Amino acid sequence: MPGLLLLSPSIVAIGLFVYGLIFWNTRVAVSGKHDMVSPYGFDKGKNFVDLWDVPSWPGAVRHALLFTAVFVIGALVLGFFLAFLMEKGIKAEAGFRAIYLFPMAVSFIASGVVWRWLMNPAPPERAVGLNQLFNKLGLGALGNDWWQNPRLGMAAMALPAIWQMSGYVMALYLAGFRGVPEDLREAARVDGASEWKVYRYVVLPQLRPVTLSALIILGHISLKVFDLIMAIAGKQIITYVPAVATYVEVFDRGDPANGATIATYLLVAVGLLVIPYLVWSVRAERER
């Protein structure tokens, strides 16, 4: 009983504000409430099909996929590289580790404000941020319009997210590196394995659970990214993603049903990432 009393506030809060709101959102998504005065009713899932006829929705999905690909791959590669440097025992490791983790203490809103200035697409005569730096270094050819590029704007939008989350990935990989027993490495070296083969056949296979965990975490963050994009670009069609579309549908267009439908799509997308990971984790624990 004392344990139940201790956990009951959390159980009630999770049941109400997580599962209760998921249920309510799904109820609105399958309703015909496309304005604030219409009754809810039931549309038999018609909203999920009609949403693909909205001109901006397919582009929002493409933007989210491009952002996810660049963000996840970039954060994994950079985080792994930083962890590899830490694992090799560089000087002042504690200081570098703290510096790499500092961006995590900054909200996406704050980093978005800074990166909006860094990625300012102004022409050379009015360049600021990175474009101005490139001009002063004689690398003006590297200057570009960043997030305002119609084709690669979302790839540039992923740069602030990579900067912010690569330190977290570094910490995960560093823990994985340090968790590999030194005896395994020494045994491989005694058998004549080079340092490259030690990492290829001994260390890297031990990091697969870390990679999977990082992939799941980064994937679900990227799919529902909202505050970073709003801080940098606002509600522009070039950087339109499903989370922004949800906001626009509900608060700008006054269409709760369409907004709830997009939110349900996001929930399903995140579930496709998280549920297999949870199943794998449970099976791994049972095998142990």
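Inter-part distance, segment 120-164 to segment 59-115, computed on C-alpha centroids, equals 18 Å.
For the set His34, His220, solvent exposure ranked by accessible area (probe 1.4 Å, protein chains only) runs largest to smallest as His34, His220. Taken per residue, the accessible surface of segment 187-266 reaches 44 Å², heavy atoms only and a 1.4 Å probe. Work out which helices of the chain, taken as complete DSSP H runs, extend at least 27 Å along their axis over the Cα atoms and score a mean Kyte-Doolittle of 0.5 or more, then list them. Flagged H segments are 56-87, 153-178, 256-287. Ordered from largest to smallest accessible area (heavy atoms of protein chains, 1.4 Å probe), the residues Asp227, Asp252 come out as Asp252, Asp227. Here the accessible area is traced with a 1.4 Å probe on the protein chains. For segment 58-255, carbon and sulfur cover 66 percent of it. Consider a paramagnetic label point 7 Å from the Cα of Gln236 along Cα→Cβ; state which residues of segment 132-174 have an amide N under 15 Å from it. Only 144-160 pass the distance filter. For the chain, what does the alpha-carbon gyration tensor say about shape, rounded, prolate or oblate, given a ≥ b ≥ c as the root eigenvalues, a/c under 1.5 as rounded, and a/b over b/c as prolate? Cα axes put the chain in the oblate bin. Accessible surface of Ile90 in the full protein assembly, 1.4 angstrom probe, to the nearest 10 Å²? For Ile90, solvent-accessible area is about 60 Å². The aspartates and glutamates whose alpha-carbon is closer than 15 Å to the alpha-carbon of Lys136, local same-chain residues fewer than 8 away aside, are Glu125. Helix content alone sets the calculated 222 nm mean residue ellipticity of the chain: runs of n ≥ 4 DSSP H residues at -39500 (n - 2.57) each, divided across all residues, give -20500 deg cm²/dmol.
Rolled with a 1.4 Å probe across the full set of protein chains, the surface gives Tyr247 an accessible area near 80 Å². Ranked by solvent-accessible area (1.4 Å probe, protein heavy atoms only, all chains present), the residues Val274, Val37 order from largest to smallest as Val37, Val274. In summary, the lysines within cross-link reach of Lys197, defined as a Cα separation below 22 angstrom excluding same-chain residues under 8 places away, comprise Lys88.
Accessible area of Met86 (1.4 Å probe, protein heavy atoms only, ligands and nucleic acids ignored): about 0 Å². Note: relative contact order over segment 58-255, using C-alpha pairs below 8 Å and six or more positions apart, is 35 percent.
The values are calculated or read from the model by the stated rules, or taken from the named source; none is laboratory data. Remember, it's a predicted structure, so these values are computed and weren't measured experimentally. Reconstructed Cβ throughout: ideal geometry from the backbone, glycine too, with neighbour counts over all protein chains shown. Only protein heavy atoms, including side chains, enter the accessible area calculation; ligands, DNA and RNA are left aside. Shrake-Rupley method; radii C 1.70, N 1.55, O 1.52, S 1.80 Å.
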